[in-house]
Amino acid sequence: PFYQAIVPITCCFVTGNACVYKPSELTPLQGLVESVLQEAGFLENWVQIAYGDGKVASDLIAARPQKIFFTGSVATGKKIMAQASEFLIPTELELGGKDPMIVFAEAKLDRAVKGAAWGAFTNSGQSCTSVERLYVQESLYPAFRDQLVIEARSMQVGVDKEGDADMGAMISDKQVKIVADLVKDAVSQGAKMLTGQDWDFHSKVIPPIVLEGTTHSMRINHEEIFGPVLPIMSFKTEEDAIRLANDSTFGLSASVWGEKSQVERVARQIVTGNVSINNVMISEGNHALPFGGVKDSGIGRYKGVMGLRSFCNVKSVLVDGNSKKIEANWYPYTKIKYGFFTRLTQALFRGNLIGFAVNGLGLETHAQKAKRD
């Protein structure tokens, strides 16, 4: 939550704007952002924090800001965009994800397994760029699955007191119910929980859950989980992997693992806003690159040069000399001028450069003294 506050605030500020930031009512971190900005020397009205629920957000939009930047769910993003459309307020939406991770047979097994575990379970899966679908090539699948299960079972879950816990609890009861419903739905259709079987489907402390046997006909591979659940599936060919990765209404991020030429080729064919190659979730943390999604994952980009310009009114200015010259295309339109234009155009498309130059010079000369007959 702090990262999702301080980065857009910084982008907004360095491009010359004051801003109002409304954190989620679930993760307000009340006072933290203000204290950091105060220590950095920000004046009081440069950044203001507004705490509250959706009603507060609606009131802020009604105040007609010059731009809205939102990070959150698809449902809330649509509501914001609908209200903003009444005032034609430019709106940038960084919404949910259903990020695929594709692992080819040439990938380094140990590294890819570690990457999958961290990408799926960091922050208890409560990240828009979490790995939510894992595709492993058939020949590597058994070894990958077995090692991933060992990795998931070894993770420490709980309140961190000494610095050696890997995962904490979920933030909201509402999201716990969403995770439980999706896992139960998958299991009822034949999926198997390889880890996390001891979860009671109610506690906010959810252990890492690896699911095997899910298909794309199940909700769990189409709806955002936003929790520590990782469905793992196998694929045969490169074409299969691309098809499966693109079979989603989301398009925020993806990761591709394997041999350089293949993964670069595949990365170009995945319909998404960001791709990490032989790594996971690194595109979100690189501030030199624009970040954002396609499809239901949002509209616009922030960070990088493109992202900074999105917080600006990009204005075009052309400067001409302060001369007495009359432009040839200005009034009056005369029969002589029309003749010069006609011959100039004909010479241009016939490749007659001498004719083009002669008629162009004649047109310019005539334009300076042309008068209506």
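Would you please give the FRET efficiency between Val294 and Ser316, computed as 1/(1 + (r/R0)^6) with r the Cβ-Cβ distance and R0 = 30 Å, to the nearest 0.05? Taking R0 as 30 Å, the efficiency between Val294 and Ser316 is 0.65. Note on surface exposure: Arg133, Arg343, Arg301 rank Arg343, Arg301, Arg133 by accessible area, highest first, 1.4 Å probe. Here's the picture: a label point sits 7 Å out from the Cα of Glu259 along the beta-carbon direction, and within the range 107-136 the residues with their amide nitrogen under 19 Å of it are 107-112, 136.
Calculated accessible area for the range 236-373 comes out at 64 Å² per residue, all protein chains present (probe 1.4 Å; ligands, DNA, RNA ignored). When the chain is modelled as a GNM with alpha-carbon springs shorter than 10 Å, which of Ala120, Ala165, Ala328 fluctuates the most? Taking springs between Cα atoms under 10 Å, the residue moving most is Ala328.
In the context of the full set of protein chains, residues of the range 1-117 present 54 Å² of accessible surface per residue (probe radius 1.4 Å, heavy atoms only).
Give the cysteines in the chain for which no other Cys Cβ lies under 4.7 Å away, or write none if there are none. Flagged as lacking a Cys partner: Cys11, Cys128, Cys312. For Asn279, the residues whose modelled amide H falls within less than 5 Å of its own, excluding neighbours fewer than 5 places apart on the same chain, are Val256. Converting phi to 3J(HN,Hα) with the Karplus coefficients 6.51, -1.76 and 1.60 and the offset θ = phi - 60°, the range 200-211 yields 8, 6, 10, 5, 6, 8, 9, x, x, 10, 9, 10 Hz in sequence order, with x at every glycine or proline. Using Cα springs under 10 Å in a Gaussian network model of the chain, which residue among Gly362, Gly258, Gly190 shows the largest mean-square fluctuation? Result: Gly362 has the largest fluctuation of those listed.
Listed options for Cα extents along the principal axes in Å are (i) 95, 54, 34; (ii) 92, 44, 38; (iii) 69, 52, 44. The value calculated from this structure is the one marked (i). Computed with a 1.4 Å probe on the full set of protein chains, the accessible area for Lys177 sits at about 120 Å². Quick one: accessible area per residue over the range 146-220, 1.4 Å probe, rounded to a whole number of Å²? Per-residue value: 54 Å². Ordered by solvent-accessible area of protein heavy atoms (1.4 Å probe), largest first, the residues Glu162, Glu94, Glu239 come out as Glu162, Glu239, Glu94. Considering only Gly163, Gly321, Gly196, the mean-square fluctuation computed in a Gaussian network model of the chain, springs between alpha carbons under 10 angstrom, is largest for Gly321. With the charge dipole of the chain set up from +1 on Lys and Arg Cβ and -1 on Asp and Glu Cβ about the Cα centre, the Cα lying farthest toward the positive end among the listed residues Leu60, Trp199, Ile354 is that of Ile354. Net charge in the neighbourhood of Val113 (other residues with Cβ under 13 Å of its Cβ; Lys, Arg +1, Asp, Glu -1) is +2. Here the spin labels are modelled as points 7 Å beyond Cα on the Cα-Cβ line, and at Asn279 and Thr345 they lie 5.5 nm apart. With a 1.4 Å probe rolled over the protein heavy atoms of all chains, the accessible area of Trp118, Trp199, Trp46 falls in the order Trp118, Trp46, Trp199, largest first.
With charges only on Cβ, +1 for K and R and -1 for D and E, what is the dipole size of the chain about its Cα centre, in debye, rounded to 20?
Details: 39 positive and 40 negative charges, 506 e Å.
Charge dipole, the chain, about its Cα centre: 2420 debye, nearest 20.
FRET efficiency for the Ser203 to Trp118 pair, using the beta carbon distance and R₀ = 22 Å, is estimated at 0.45. Most simply put, the chain has about 20% antiparallel DSSP beta bridges, counting only bridges with both residues inside it. Between the range 219-288 and the range 1-41, the alpha-carbon centres lie 30 Å apart.
Atom-type composition of the exposed protein surface of the range 278-373 places 61 percent of the accessible area on carbon and sulfur (1.4 angstrom probe).
Each residue of the range 284-294 is assigned a 3J(HN,Hα), and the resulting list reads 5, x, 9, 7, 7, 9, x, 10, x, x, 10 Hz, derived from the Karplus form 6.51 cos²θ - 1.76 cosθ + 1.60 (θ = phi - 60°), x at Gly and Pro. Count Lys and Arg as plus one, Asp and Glu as minus one, and take only other residues whose Cβ is under 10 Å from that of Gly307; the net charge is then +2.
Extension gain, Gln269 to Gln189: 0.36 nm times the residue separation minus the Cα-Cα distance gives 25.7 nm.
For the chain, the 222 nm mean residue ellipticity estimated from helices alone, with every DSSP H stretch of n ≥ 4 adding -39500 (n - 2.57) and the total spread over all residues, rounds to -11500 deg cm²/dmol.
Our estimate of slack between Val305 and Leu88, defined as 0.36 nm per intervening residue step minus the Cα-Cα distance, is 75.7 nm.
Rounded to a whole number, what % of the accessible area of the range 1-65 do carbon and sulfur atoms account for, probe 1.4 Å? Of the solvent-accessible surface of the range 1-65, carbon and sulfur hold 58 percent. 3J(HN,Hα) along the range 265-271: 5, 5, 4, 5, 9, 7, 7 Hz, from the Karplus curve 6.51 cos²θ - 1.76 cosθ + 1.60 with θ = phi - 60°, whole Hz, x for Gly and Pro.
The values are calculated or read from the model by the stated rules, or taken from the named source; none is laboratory data. Every value quoted in this text rests on a predicted model; they were computed, and no experiment measured them. All Cβ positions, even for glycine, are placed from backbone atoms using ideal geometry, and neighbour counts span all protein chains on display. Just so you know, the surface numbers come from the protein's heavy atoms only, side chains and all, with ligands and any DNA or RNA stripped out. Shrake-Rupley method; radii C 1.70, N 1.55, O 1.52, S 1.80 Å.
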